[in-house]
1. Between Arg6 and residues 5 or more places away or on another chain, which pairs have amide H atoms under 5 Å apart, with H built 1.01 Å from N, and which residues are they?
2. Just to confirm my understanding: which cysteines in the chain have no other cysteine beta carbon less than 4.7 Å from their beta carbon?
3. Before rounding to the nearest 500, sum -39500 (n - 2.57) across all DSSP H runs of length at least 4 in the chain and divide by the residue total; then give [θ] at 222 nm in deg cm²/dmol.
4. Please give, to one decimal in nm, the separation of the simple spin-label points placed at Val38 and Leu17, each 7 Å out from Cα toward the Cβ.
5. Could you work out the equivalent-ellipsoid semi-axes for the chain, taking the square root of 5 times each eigenvalue of the Cα gyration tensor, largest first, in whole Å?
6. Whole-Hz Karplus ³J(HN,Hα) for the stretch 62-67, in order, using 6.51 cos²θ - 1.76 cosθ + 1.60 and θ = phi - 60°, x for Gly and Pro?
7. How big is the Kirkwood radius of the stretch 13-53, worked out from every pair of different alpha carbons and given in Å to one decimal?
8. Counting other Cβ atoms within 10 Å, keep those with at most 16, restrict to DSSP loop, and tell me which chymotrypsin sites (Phe, Trp or Tyr not before Pro) in the stretch 1-40 are left.
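What follows is calculated from the coordinates using simple rules that are stated; it is not laboratory data. These figures come from a predicted structure and were not determined experimentally. Backbone-built Cβ (ideal geometry, glycine too); neighbour counts: all protein chains shown.
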Amino acid sequence: MFHLKRNIPAWERVIRLCLGVIAALGALYFLPPGALRVLGFAAAGMLGATAVVGFCPACAMLGRRAVGPLK
């Protein structure tokens, strides 16, 4: 199974999840139907996915280290 080391602390995961929900609701209510709304949902989905998984590829590319005790 594919395993990624978490590089997002718990407090940031909570914030990302809340922002993902807010972004999805904002895309639903404030963006016109079409490609722009789809992009809004995609951004919300990425925020939610990184919050649930605990790993952010962009943060890893910028050199963010794993969270927690190293084994």
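1. Correct list: Val67.
2. Within the chain, the cysteines lacking a partner Cβ under 4.7 Å are Cys18.
3. The per-residue figure over the chain is -20500 deg cm²/dmol.
4. 2.9 nm
5. After scaling each eigenvalue by five and taking roots: 28, 12, 9 Å.
6. 8, x, 6, 8, 5, 9
7. The Cα-based Kirkwood calculation yields 9.8 Å.
8. Phe2
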